[in-house]
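Trainee: One structure is given below, represented as structure tokens, and several questions about it will come after.
The values are calculated or read from the model by the stated rules, or taken from the named source; none is laboratory data. Just so it is clear, the structure is predicted and the values come from calculations on it, not from any experiment. Ideal geometry is used to build each Cβ from the backbone, glycine not excepted, and the neighbour counts take in all protein chains shown. The protein model used for the area step is the full one, side chains on, heavy atoms only, and it has no ligands, DNA or RNA in it. Shrake-Rupley method; radii C 1.70, N 1.55, O 1.52, S 1.80 Å.
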Amino acid sequence: VQLDEDDLDEEDLAVLREVKKRGYYHGRPPSESTAPPCKLEEVPNAPCGGRRIEFDEFQRKWDKFDNDAFLSKASVSKKAVATPAATASKPAR
């Protein structure tokens, strides 16, 4: 795609020169060299077998929602929830 630069003013041309010089992302911070990642000499022991719930606290938190007894205790019946539509008075005809 070629841009027709004939109808651009000096300010637009200056912006194009800056974009050409810097690239597409103007606010990019300068690159800094960092140390390479360390090689793991010893691999941490990962649990073998069993269920994830046995070693993962986060999974244990969510697995209780697979338990029907928990869900029935935690759920609220429709009768206990008063919806605005159900409690609003109907207009007279």
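Trainee: Does the stretch 11-27 include one or more residues that are open to solvent by 100 Å² or more (accessible area, probe 1.4 Å), at pLDDT below 85, part of a loop (DSSP other than H, G, I, E, B) and not β-branched (Val, Ile, Thr)? Give the steps one after another, and end with the answer.
Mentor: Of the stretch 11-27, the ones open to solvent by 100 Å² or more (accessible area, probe 1.4 Å) are 11, 17, 20-22, 24-25.
Now narrow it down to the ones that are at pLDDT below 85: 20-22, 24-25.
Checking the rest, the ones that are also part of a loop (DSSP other than H, G, I, E, B) come to 24-25.
Filter again for not β-branched (Val, Ile, Thr), leaving 24-25.
Yes, that holds for at least one residue.
Trainee: Quick one: what pairs do we get from the stretch 25-50, first residue farther than 30 Å from VAL15 by Cα, second surrounded by 10 or more Cβ atoms within 10 Å (Cβ to Cβ) and modelled with pLDDT of 70 or more, C-beta under 8 Å, 6+ apart or different chains?
Mentor: That search, which allows pairs on different chains as well, returns PRO47/GLU54; PRO47/PHE55.
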